[in-house]
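**Q** Would you mind keeping the following structure in view while I ask a few things?
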Amino acid sequence: MNIQIRLATLAAHALVAAVLAAPALTVANAVPADFQAALAEYRAGHYEAAHTAFLSLAELGNCSAQFNLGAMALHGEGGPKDPGSGAGWLQAAAGNGCGELVANHLAALTGQLSPEQTRAAADIMARYGPEALHAQGVTDPEFICFDMTAPSTISATVAEAPAADRDKRQPEMVITALTVGADGRARDPEILFAVPNDGFAAAAVEAWFNSLFTPAERNGSPVPARLEAKTLFARSTPLADAEFIRKARPAADAGDPAASYLVGLAAMHDSSLGISGTRAKQLMLSAARDGNADAQYWVGSQLRASLACHPRANGAIWLRHAADGGNAAAQLLLAQGLLAGSPSTEQVTQAGTLLRQAARSNAYYVRKHVVALLASSDAVRDPPAALELAKQLTAGAIKSDPQMYEVVAAAYAANGDFHNASAQQRLAVDKAKGLGWNTRMLSEQLDAYRHDRAWHGDLLASL
């Protein structure tokens, strides 16, 4: 037991310095705000709060947080002394990049564990060790499906800047995630970010609706798949020289999570920044691990989109953190997952809570999908809330999306207003025809409204 006591003493002294000694964090020369907050709770003697905060970081692969959880377990801070869990956390920390911090004390500690304590250590490693985190898509996540050919652009319609902004010299950029259908047409646009502001998003969306794509293929057959696409306005100025990029790059290099997300995502779509794809991915993952909810959502949604290729790495951890951090798209995606199949009462309750949180967002993509669920899903149906959000949706700048009119029509129908439901659905059908979409399902919905029947079940089936 002497070795355990010496190690526990070492851990106590190293706790404050853990973040400075951990190689995984010294790369950016910055201490994540979430880690600082956890450390402040520890220093104040709020051990339960510190444990919760460190655990949240530990499950994202933060080896300093894992080390500190080990130190706390060995000291009995926040609970009884637990050598087994302490050893497990130190093993996880060593495996995830903090080997120098753990040093050579671990072998002596594990040699004195009882069989029960050894099992406790193994349980920690099974959940938080490097192999477990990699399998869950936390460390070195893989976003590519090797048995599927990704969609690609055949011809891109040039987006026109709003008239009031056409003389600006600084570039504006919009990154949009689209679903490219098996027919090679874009649907369901989601604005990942628009800089320096969102005034150009509607123009970008309309251009992509009128573009043509080669659909993704699996086993020789076309399948729907998500595609991220960049729209750059004011092309005479390279993106690398844009003011928002020049300001963000030093901050990203210094480890600022928001800047890392912006620069990383921009670099994935524009080679003029001179940042490799590997470095861009590292910036995104660093931003996600350091608590940026948008980056966490991006990582989680990438994993969710390629779920068929790596079922265990479903992005749930990232999406949960993003949702807790206030990302409405993550809240929506988690709610959709809970409602899939035959949800339990508890799952429906959880989904309802997430949807109420997501409904506060003014993001077009989120609002459209929330309206769809509240208008037509029997599990979470809420006609008044659906109609209120639908009216906000129609007041926005995006007017070219047939699915917007589809969900607005469903909201009117859910409230018994079949006249307005039919009018909105007619717009959905007409706009879909103009874009070359198959309108069979949209026409079935229109027929239902003309016969005073609300729509129950899946909306947005034109995906």
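**Q** What ranking of H51, H419, H269 comes out by heavy-atom accessible area, probe 1.4 Å, highest first?
**A** H419, H51, H269
**Q** Moving on to the next point. What angle do you read, to the nearest 10 degrees and between 0 and 90, between the alpha-carbon axis of helix 328-339 and the longest principal axis of the chain?
**A** The angle comes out at about 90 degrees.
**Q** For region 379-450, just say rounded, prolate or oblate: build the C-alpha gyration tensor, square-root its eigenvalues into a ≥ b ≥ c, call rounded for a/c under 1.5, and beyond that prolate if a/b exceeds b/c, oblate if not.
**A** The shape class here is oblate.
**Q** Oh, and also: Could you compute the FRET efficiency for D123 and T237, with r as their C-beta to C-beta distance and R0 at 41 Å, rounded to 0.05?
**A** With a Förster radius of 41 Å, E is 0.15.
**Q** Roughly how compact is region 229-310, stated as its Cα Rg over 2.2 N^0.38 Å to two decimals?
**A** It is 1.12.
**Q** With charges set only on the Cβ (+1 for Lys and Arg, -1 for Asp and Glu), what does the dipole of the chain come to about its Cα centre, in debye to the nearest 20?
**A** Roughly 420 debye for the chain.
**Q** Counting Lys and Arg as +1 and Asp and Glu as -1, what is the net charge of the other residues whose Cβ lies under 11 Å from the Cβ of P257?
**A** That works out to -3.
**Q** Mind listing the long-range amide H neighbours of F193? Cut-off is under 5 Å, sequence gap 5 or more, other chains count too, H placed in the peptide plane at 1.01 Å from N.
**A** Counting only residues 5 or more places away or on other chains, the set is I175.
**Q** Moving to a separate point now. Between R356 and Q112, what FRET efficiency follows from the Cβ-Cβ distance if R0 is 56 Å, with the result rounded to 0.05?
**A** 0.65
**Q** Next up: If you line up the long axis of helix 33-43 against the longest principal axis of the chain, both from Cα atoms, how many degrees apart are they, to the nearest 10?
**A** Rounded to the nearest ten degrees, it is 40.
**Q** Once both axes come from the Cα atoms, what is the angle between helix 383-394 and the longest principal axis of the chain, in degrees from 0 to 90, rounded to 10?
**A** Roughly 80 degrees between the two axes.
**Q** Under the Karplus relation 6.51 cos²θ - 1.76 cosθ + 1.60, θ = phi - 60°, what is the ordered set of whole-Hz ³J(HN,Hα) values for region 115-120, x standing for Gly and Pro?
**A** Listing the rounded values in order: x, 5, 5, 5, 5, 4 Hz.
**Q** Can I ask one more? Kindly sort T176, T394, T153 by accessible area of their heavy atoms, largest first, with the probe set to 1.4 Å.
**A** Descending order: T153, T394, T176.
**Q** Quick one: which residues, 5+ away or cross-chain, put their amide H under 5 Å from the amide H of V223? H built at 1.01 Å from N.
**A** Result for V223 returns A216, E217, R218.
**Q** Let me ask another. If you work out Cα Rg over 2.2 N^0.38 Å from the coordinates, which of (i) 1.10; (ii) 0.96; (iii) 1.55 do you get?
**A** Correct label is (i).
**Q** From the helices alone, meaning DSSP H stretches of at least four residues, give me the mean residue ellipticity at 222 nm for the chain, per-run term -39500 (n - 2.57), in deg cm²/dmol to the nearest 500.
**A** -17000 deg cm²/dmol
**Q** Mind grabbing the accessible area of T110 for me, 1.4 Å probe, Å², rounded to tens?
**A** 50
**Q** Along the Cα→Cβ direction, 7 angstrom out, place labels at T214 and M148. What is the inter-label distance in nm?
**A** Placing both labels 7 Å along Cα→Cβ, they lie 1.7 nm apart.
**Q** What are the ³J(HN,Hα) couplings of region 128-137, residue after residue, when phi is run through the Karplus curve with 6.51, -1.76, 1.60 and θ = phi - 60°? Round to Hz, x for glycine and proline.
**A** 10, x, x, 5, 5, 5, 5, 4, 8, x
**Q** So how do E346, E228 rank on accessible area, 1.4 Å probe, biggest first, that is with the largest at the start?
**A** Correct descending sequence by accessible area is E346, E228.
**Q** Would you mind checking which residues have amide H under 5 Å from E172's amide H? H placed 1.01 Å from N; only 5 or more apart, or other chain.
**A** Amide H neighbours of E172: F233, A234.
**Q** Suppose the chain between S342 and R381 were pulled fully straight at 0.36 nm per residue; how much longer would it get relative to their current alpha carbon spacing?
**A** Going from the current span to full extension adds 12.5 nm.
**Q** In addition: Please name which of L303, P115, A225 has its Cα lying farthest along the dipole of the chain towards the positive end, using unit charges on Cβ (Lys, Arg +1; Asp, Glu -1) and the Cα centre as origin.
**A** A225
**Q** Let's test the formula: R0 of 41 Å, r as the Cβ-Cβ distance of N197 and R440. What FRET efficiency results, to the nearest 0.05?
**A** E between N197 and R440, to the nearest 0.05, is 0.60.
The values are calculated or read from the model by the stated rules, or taken from the named source; none is laboratory data. These numbers were taken from a predicted model, which means no experiment stands behind them. When we count neighbours, we look across all protein chains shown, and the Cβ atoms used for this are built from the backbone with ideal geometry, even at glycine. Each accessible area value is taken on the protein alone, full model and side chains, heavy atoms only, with ligands, DNA and RNA left out. Shrake-Rupley method; radii C 1.70, N 1.55, O 1.52, S 1.80 Å.
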